[in-house]
1. How many residues are surrounded by 15 or more Cβ atoms within 10 Å (Cβ to Cβ) and small (Gly, Ala, Ser) if we restrict to region 162-188?
2. I'd like the residue in region 18-43 that is among the aliphatic types (A, V, I, L, M) and surrounded by 10 or more Cβ atoms within 10 Å (Cβ to Cβ) and, out of all such residues, is farthest from the chain's Cα centre (by Cα).
3. Name the pairs whose Cβ atoms lie under 8 Å apart, with the first residue in region 155-178 and touching a residue at least 60 places away in the same chain (Cβ under 8 Å), the second among the basic types (Lys, Arg) and surrounded by fewer than 15 Cβ atoms within 10 Å (Cβ to Cβ), and 6 or more positions between them or separate chains?
4. Given region 17-115, what helices (runs of 4 or more DSSP H) lie entirely inside it while holding 2 or more residues that are touching a strand residue (DSSP E or B) at 6+ places or on another chain (Cβ under 7 Å), without any contact (Cβ under 8 Å) to a residue 24 or more places away in the chain and acidic (Asp, Glu)?
5. Considering only residues that are within 11 Å of Met127 (Cβ to Cβ) and among the β-branched types (Val, Ile, Thr), look in region 77-112 and name the one that is surrounded by the fewest Cβ atoms within 10 Å (Cβ to Cβ).
6. Restricting to region 264-280, and then to whatever is in a helix (DSSP H, G or I) and surrounded by 14 or more Cβ atoms within 10 Å (Cβ to Cβ), can you tell me which residue is modelled with the highest pLDDT?
7. Identify, from the list Ala106, Ala47, Ala60, Ala117, the residue that is over 20 Å from the mean Cα position of the chain (by Cα) and hydrophobic (A, V, I, L, M, F, W, C).
Amino acid sequence: LPKDCSFTYQKNPIELVTSYCYLGIVVNSAGTFKANHKHLYRKGLKALFGINQSLDKADAPISIRNKLFDTCVKPTILYGSEIWGSFKSSISCPIESIHLKFCKQALRVPRSSCSLAARAELGRYPMQVEASLNAIKHFLRLRLNVPADSFQADAFSCQLELEKSGVKCWATGVRKSLEECGFAFLWHFQIPHSTNTFQIVSSIGQRLKDIYFQTFLKEIHNDNKGASAKNKLRTYRLFKSTYCAENYLSIDNIRHRIAVTKLRISCHKLHIETGRHNRTPQEQRICRH
């Protein structure tokens, strides 16, 4: 808006702002959710700090840590994902950084550890997977369960019209997610009200996870990183064939468990790993012990 633009309500001037928090979601003038992600990051950080204080004192096992994160932190950082979840965010967005922080703290590995491997060891998927699923669930809810004469139905119709005219909006992201999962028929055809949405949502959720797993496998097998930057997970890929929490995480001896984790994800002090810091050729990184 122009600097000299002003608005009043009942003769009272209204402040012009670049962002505004409405029902817990921060909306900015650019129409993006970057400010909202930062807002959720700050809230998620407080929630994570709160559970860490209790977990560290009790020396809780990995399974309890996962459950507490999913119960206390995940709902906070995914708040409103029915709306912003259709807009794909990068893996490095503030919301995912909270998740990665938790994964590395649970495994007790340094912050510089490989994020891809830290998530995989716990069998956890990026938060964007669930955010996309929440947006799709919201789409199905609007299409099947909202009365035709309601405000929600009118807003939904506006979204469909915007998407049809080529405007990038919430509906565009939902359509692309459905097409990517092989469920484009849910968008292009009328869905009977008797449809078993629980089974459909479950199938879509599994498909989103499968798509990420394929991306994960592609990344850990990617050796085209340049002559001086070999794939750090070249050892990890030899034994990581399924995406699930590893059995060794239930080891009672924490020191042994941490040692196994560091060895698996190449976060150790052996020369094969530290040698890359000074660009020592891989074949010359001989163990010094």
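The values are calculated or read from the model by the stated rules, or taken from the named source; none is laboratory data. This structure is a prediction, so every number in the text was calculated from the model and none was measured. Positions of Cβ are backbone-derived with ideal geometry, glycine not excepted, and every protein chain shown enters the neighbour counts.
1. Residues in region 162-188 being surrounded by 15 or more Cβ atoms within 10 Å (Cβ to Cβ) and small (Gly, Ala, Ser): 3 in total.
2. Ala30
3. Pairs found: Gly173/Lys88.
4. none
5. Only one residue tops the list, namely Ile91.
6. Looking at residues that are in a helix (DSSP H, G or I) and surrounded by 14 or more Cβ atoms within 10 Å (Cβ to Cβ), I get Arg264.
7. Ala60
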